[in-house]
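The next block holds one structure in the form of structure tokens; read it before the comments.
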Amino acid sequence: MISFDPMFKTMKKKGITGYRLVKMGFSQSTYHNIKRGRGMTLNTLNTLCEMLDCEVSDLIEYVKKQDDSVTEQE
């Protein structure tokens with residue numbers, strides 16, 4: 001699953017709030033969708049990289065889901 005946690009860490013590190021990002025021209029509805037874990041387009045990803053002056057890896061990461069159906073055999 002794709003996690004947006006790096007984006008919020010990057011924003012915090014750079015001192016940029018969601019409010020400030022919207023004031024910089026980023027779509028408020030897109031920002032709220034990202035906060036809710038919904039996806040984003042590559043165009044949005046590109047825009048965020050430009051606005052936050054960062055790399056893609058500073059915004060998203062892949063987190064492998066744990067398979068609860070697999071049990072350890074003794």
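Structure notes:
- Whole-Hz Karplus values for the stretch 41-49 come out as 7, 5, 4, 5, 4, 4, 4, 5, 4 Hz, taken residue by residue from phi with 6.51 cos²θ - 1.76 cosθ + 1.60 and θ = phi - 60°; glycine and proline positions read x.
- Helix-only [θ]222 nm of the chain, DSSP H runs n ≥ 4, -39500 (n - 2.57) each, per residue, nearest 500: -13000 deg cm²/dmol
- Between the residues LEU21, ILE34, GLN66, the greatest Cα displacement towards the positive end of the dipole of the chain, with unit charges on the Cβ of Lys, Arg, Asp and Glu, is found for LEU21.
- Surface share of carbon and sulfur [accessible, 1.4 angstrom probe, percent] for the chain: 47
- Average accessible surface for the chain: 79 Å² per residue, computed with a 1.4 Å probe over protein heavy atoms with every protein chain in place.
- Solvent-free Debye scattering, log10 I(q)/I(0), computed from the Cα coordinates of the chain at q = 0.21 Å⁻¹: -0.89
The values are calculated or read from the model by the stated rules, or taken from the named source; none is laboratory data. Not measured: the values here are computed from a predicted model. Neighbour counts run over all protein chains shown; Cβ positions are idealised from the backbone, glycine included. The area values use the complete protein model at the heavy-atom level, side chains included, leaving out ligands, DNA and RNA. Shrake-Rupley method; radii C 1.70, N 1.55, O 1.52, S 1.80 Å.
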